[in-house]
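Student: One structure, pasted below without further comment.
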Amino acid sequence: MDDLEKAILISFDESGAVESALKLQALSFCQQVKEAPAAWQICIERLGFTKLAQVQFWCLQCLYEVISSRYAVMSSEEKAFVRESVFKMVCYEPVDEKNLARVLDGPGFVRNKLAQVLVTLVKFEYPMVWSGVFVDVLPHLSKGVEVIDMFCRVLNRLDAELIDSESHGTDEVTTLVVATRVKDAMRQQCVPQIVRVWYEVVSSYKNSNSEICATVLECTRKYIAWIDIGLIVNDAFVPLLFDLVLGEGFDEQLRGAAASCLLAVVSKGMNFQSKLALLQSLRMNRIFTLVSKDSESEFRSKVALLYAGYGAEILLCFDKLNSEEARGVSMELLDEVLPSVLRVMQNCEADLAVKIVEFLSGYVDSIKSLSPTPLSEKQLFHVGQILEMIRLQIRYDPDYRHNIDVLDKIGQEEEDRMFDIRKDLFSLLRNIGSVAPDVTQIFIHGSLANAVSSPAEKNVEEVEAVLSMFYAFGESASEDAMKNWNGFIGKLVPMLLSTKFQCQSNRIVALIYLETIVRYSKYVQENIQYIPMVLTVFLDERGIRHPNVNVSRRASYLFMRVVKKLKSNLVPFIEQILQSLQDKIAQLTLDISSKELSGSEDGSHIFEAIGILIGMEEVPSEKQSEYLSALLTPLCQQVQALLMNVEGESIPNSSTHVAIIQQNVMAINALSKGFSERLATAIRPTIGLMFKQTLDVLLQILVVFPKIEPLRNKVMSFLHCMVCILGPAVVPYLPKALDQLLKDTEPKEMAGFLILMNQLTKFRIQILDIMEEVFPIIVGRIFSVLPPAPFPTGPGSNTEEVRELLNLQKTFYVFLHLTATNDLSSVLLSPKSMVYLDQIMQFLLSSVRHHKDISVRKSCVQILVVLIKEWCSAPYGEEKVPGFRSFIIERFATDCCLYGVVEKSFNLRDAATDILFGEIVIAQKVMYEKFGDDFLNHLLSRAFPATHCPQNYAEQYCQKLQQTADFKALKSFYKSLIENLKSQQNGSLVFR
């Protein structure tokens, strides 16, 4: 062993026994050899005598790299030597007479590397220089399986690197050119001989060496896509493939390879009329009984793929061919293959299942296209079989029943897996429901009846699957179907409402049962005789009283949705509902002494449902007041009692009190959502008075617990509701509330506070005094946390803190806009706010010019336009805000309305930007109306010249501003002017 072999072996060592310094030295030595001018010669000589696989691999890799990078500069003699040497290795011959080692005796990874070397030579030399590379190998195949295997490796590598369009690398154009050259030459010169050899090898070795036959057929499969299909589809090759697929005595790998070849044949791109003739001639029905539903093997998967691929190709022919005869043939072939496809679907892997569902969806679409022709008996039968397949596929595995019921980690994974599986299957179900509604409805009805009576050990999965099908079917059910008491839904909904399943205690059954009733509540709305049954379902152990807390919580939410939908139909049942929910309400409004807290806000849905019920105008006035008082009074009393008890205690020791208060505020908040401003202020002011008293109580929370964020948020949420319910009557309560809410507010809390302020601006002048007090505090707080420069972008910039500040900034823009547009702009000029005026103006100006969000820029333009209108009198009048006129003319009119739109980044072809441009034109019109010649003179003397705008263009625009009343015409002219300036400057202007 010489130094090179030692170095190669050391460089390949992964045992850890070699010192790192020695390994680095070995790697360096190998690299020096690789970079030597005669590296290719050293490698070929070494391959002639070494039998060490690592050395063989290294030499072939080195040879590959040299050919890839230096082949063009080698002499013709050197190239010829390389070609001859590599060819000898591939043909199982020694490189020379002295050295008799054969590379093909090496392991698979060495032979693969040799194949790569040969293919690299083919890229450079075939067919111009080395025209016989493929033909000359063929006689050597008689030497045995070693050369046959090697030839297949070469063809596979050629396909992977050159021919397969999906494998093209970065230099795609070059690869396509080379691939076209190689394929064209092979078609003309050697493809028929290669196909003949494939056939002869498989015929000769099928009974003695199934492995080499499978290798040859896998290679054949890759080439069928681009060679003449007649070379395969003939009286010799196709019968051979079918014999192998059907021959139970053959190895399954060989049979699977033959099935893959048949799939390549049926998938071959060609004229659709020819394709249909090909599909018909293959007589595929002879293999349709091959796969039993219980068998599991690679061969089964290959045949299943063949079924799905064959069916998909027939569907293409059906879609593309318009003749009645062609469509008839296509449908016959589809009817033949469908049972087999459905059979393999019962036990197949996820990837194959996706392909089969795609095919079945295509089949349903194809029979749908036959409308108005009724479906044939055979098609109706197939539709029923597909529905049965869907039912079986969506069933949960009983082995996971406990995991799914308690929803542990395994159960959650299984639920997620089933969710993915069901998406496409339910889409298929709905499609069938529209094509064959009667069959679908009869199937679901019958399946549910069977599921109800099925044995207990199967009951859970059977019932859940059928209920899920009924639920999915309802997504596409028509309005008429929902209302038809005599139809399918009219039969099944009452059946559901009156049934108590044995397995209803199971979580997934209980949930889908309730979800299904909600989905079909439209039917109950039209058939109110079933309302008592719906209420019973939700109020007994099937719903809100279900033993599983997750079901109970979901039932509360679903009950609220049903109440929203049925609304006035429930008025006669309010007393009964409240009576039934008394214990639940008591649980949710806990005793002070109770230690058991649910820790969940799902109880809010019950209170929201009750609020919707008792908040309707149809409820008698006295009863309404009675119901509301009965709910609000204990809740408020409990909050008051807790607040009194907290005084003198430290906050940490009052965590139980905080939790109960939070629960009560949440309940009051949810309850209030059912009431309207019209009811509480105009029709029944007594209701409004109750909510005012409640507001008095809840505002005390902010005094006692000023720094507990969850409580602050709950009270703020209640204030939002009171603004909607009490209207302007809430204003007297605001000073105290806002004062407390503004104390020690964090940025994310400040965003929530601003949302409340945005809602309050609708009261306009009524909150002017309040705004004058809080506005400077808000602005000062926000400018203290917002960065003066734009927010960072790029990796690492999307932190929670940055997201909070961005949200705050976005809400602040809305606040300024609503302040300006709701006649509250005078608050900016109050003594306390004037100190921030310049900062606000600079903030708006910068946003108009540079903000990434076009809608924000538009909003800021609108704010400034409002301020111009309100703060500036007619031309040459007295200035209401000293310096504002010159600021607008010199900064806003110039920087934003001209320089900003000339910039390359201002894309006038973008729809949102075009709207912003329109606002800018409006702003200029307003500025002319308010500033007159001062504004025009500035445009003509300073602004337009800075953009190198021709004087006559500028003057024309100023004339348009003065004379044109038509906004569209003015906008069009200004856009034309700006586009001309952009084209002249090519976006190169930089304005300081």
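Student: Residue under question is Lys320, and the condition is that it be modelled with pLDDT under 95, buried (at least 17 other Cβ atoms within 10 Å of the Cβ), basic (Lys, Arg) and in contact with a helix residue (DSSP H, G or I) (Cβ under 7 Å, 6 or more places away or on another chain); does it hold?
Tutor: The answer is no for Lys320.
Student: Related question: Taking the stretch 253-285 on its own, how many of its residues are under 19 Å from Trp198 (Cα atoms) and open to solvent by 60 Å² or more (accessible area, probe 1.4 Å)?
Tutor: Residues meeting the conditions: 1.
Student: What number of residues in the stretch 368-414 are assigned to a helix (DSSP H, G or I), free of Cβ contacts under 8 Å to residues at least 12 places away in the same chain and charged (D, E, K, R)?
Tutor: Of the residues in that region, 4 qualify.
Student: Out of Val337, Val354, which single residue is out of contact with any strand residue (DSSP E or B) (no Cβ under 6 Å at 6 or more places or on another chain) and surrounded by fewer than 16 Cβ atoms within 10 Å (Cβ to Cβ)?
Tutor: So the residue among Val337, Val354 that is out of contact with any strand residue (DSSP E or B) (no Cβ under 6 Å at 6 or more places or on another chain) and surrounded by fewer than 16 Cβ atoms within 10 Å (Cβ to Cβ) is Val354.
Student: Confirm whether Arg196 is surrounded by fewer than 21 Cβ atoms within 10 Å (Cβ to Cβ) and not in a loop (DSSP other than H, G, I, E, B).
Tutor: It is true that Arg196 is surrounded by fewer than 21 Cβ atoms within 10 Å (Cβ to Cβ) and not in a loop (DSSP other than H, G, I, E, B).
Student: Continuing with the same structure: Filter the stretch 896-912 down to the residues that are part of a helix (DSSP H, G or I) and open to solvent by 30 Å² or more (accessible area, probe 1.4 Å), then identify the one that is farthest from Phe843 (Cα to Cα).
Tutor: Ala911
Student: Can you tell which of Val245, Val303 is farther than 18 Å from Cys348 by Cα, among the β-branched types (Val, Ile, Thr) and surrounded by 22 or more Cβ atoms within 10 Å (Cβ to Cβ)?
Tutor: The match here is Val245.
Residues are listed down the side, and each one gets a yes or a no for (1) open to solvent by less than 80 Å² (accessible area, probe 1.4 Å); (2) among the aromatic types (Phe, Trp, Tyr); (3) in contact with a helix residue (DSSP H, G or I) (Cβ under 7 Å, 6 or more places away or on another chain); (4) closer than 17 Å to Arg781 by Cβ:
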position: Thr799; (1), (2), (3), (4): yes, no, no, no
position: Arg803; (1), (2), (3), (4): no, no, no, no
position: Leu806; (1), (2), (3), (4): yes, no, no, yes
position: Thr819; (1), (2), (3), (4): yes, no, yes, yes
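Student: Here's another thing I want to ask about it. Looking at the stretch 954-970, I want the residues that are at pLDDT below 90 and open to solvent by less than 80 Å² (accessible area, probe 1.4 Å) and have a partner that is β-branched (Val, Ile, Thr) and not in a helix (DSSP H, G or I) with Cβ atoms under 9 Å, at least 6 apart or on another chain. Which pairs are those?
Tutor: So the pair list comes out empty.
Student: Hey, can you tell me all the residues within the stretch 925-950 that are among the polar types (S, T, N, Q) and either assigned to a loop (DSSP other than H, G, I, E, B) or surrounded by 20 or more Cβ atoms within 10 Å (Cβ to Cβ) (or both)?
Tutor: Selection gives Thr947 alone.
Student: What are the residues in the stretch 823-844 that are closer than 19 Å to Val926 by Cα and buried (at least 19 other Cβ atoms within 10 Å of the Cβ), if any?
Tutor: If the condition is that a residue be closer than 19 Å to Val926 by Cα and buried (at least 19 other Cβ atoms within 10 Å of the Cβ), then Met841, Leu844 are the ones that fit.
Student: Going by what's in this entry, would Val291 be described as under 21 Å from Glu218 (Cβ atoms) and not in a helix (DSSP H, G or I)?
Tutor: yes
Student: Tell me, which residue of the stretch 784-797 that is modelled with pLDDT under 85 and more than 14 Å from Ser847 (Cβ to Cβ) is least open to solvent (accessible area, probe 1.4 Å)?
Tutor: Among them, the one singled out is Ser797.
Student: In addition: Does Gly362 count as over 21 Å from Asp424 (Cα atoms), of a type outside the set (Asp, Glu) and in a helix (DSSP H, G or I)?
Tutor: no
Student: Given the residues Leu635, Leu643, Leu628, which is the only one that is more than 18 Å from Ser556 (Cα to Cα) and at pLDDT 95 or above?
Tutor: On inspection, the qualifying residue turns out to be Leu628.
Student: Also, I was wondering about something else. Return the residues of the stretch 206-232 that are open to solvent by less than 60 Å² (accessible area, probe 1.4 Å), assigned to a helix (DSSP H, G or I) and more than 15 Å from Ile163 (Cβ to Cβ); say none if nothing qualifies.
Tutor: Ser210, Ile212, Cys213, Ala214, Thr215, Val216, Leu217, Ile229, Gly230, Leu231
Student: Here's a follow-up. In the stretch 119-132, what count of residues is obtained for those that are surrounded by 21 or more Cβ atoms within 10 Å (Cβ to Cβ) and closer than 18 Å to Gln193 by Cβ?
Tutor: Qualifying residue count for the region: 2.
Student: Right, here's the next one. Quick check on Ile442: is it crowded, with 18+ Cβ neighbours inside 10 Å and modelled with pLDDT of 90 or more?
Tutor: No.
Student: Return the only residue of Ser941, Ser983 being of a type in the set (Ser, Thr, Tyr), without any contact (Cβ under 8 Å) to a residue 12 or more places away in the chain and over 26 Å from Leu844 (Cα atoms).
Tutor: Just a single option satisfies the conditions, and that option is Ser983.
Student: What's the number of the only condition in (1) within 29 Å of the chain's Cα centre (by Cα); (2) within 30 Å of Gly446 (Cα to Cα) that Leu316 fails to meet?
Tutor: Unmet for Leu316, out of (1) within 29 Å of the chain's Cα centre (by Cα); (2) within 30 Å of Gly446 (Cα to Cα): (2).
Student: Within the stretch 483-505, is even one residue within 24 Å of Ser604 (Cα to Cα) and crowded, with 18+ Cβ neighbours inside 10 Å?
Tutor: Scanning the stretch 483-505 turns up no residue that is within 24 Å of Ser604 (Cα to Cα) and crowded, with 18+ Cβ neighbours inside 10 Å.
Student: When you go through Ser468, Ser505, Ser447 one by one, which is the residue that is of a type in the set (Ser, Thr, Tyr), at pLDDT 85 or above and assigned to a loop (DSSP other than H, G, I, E, B)?
Tutor: Ser505
The values are calculated or read from the model by the stated rules, or taken from the named source; none is laboratory data. Only a predicted model underlies this, so the values are computations on that prediction, with no experimental measurement involved. Cβ atoms come from the backbone with ideal geometry, glycine included; neighbour counts cover every protein chain shown. Surface areas here come from the heavy atoms of the whole protein model, side chains and all, with no ligands, DNA or RNA. Shrake-Rupley method; radii C 1.70, N 1.55, O 1.52, S 1.80 Å.
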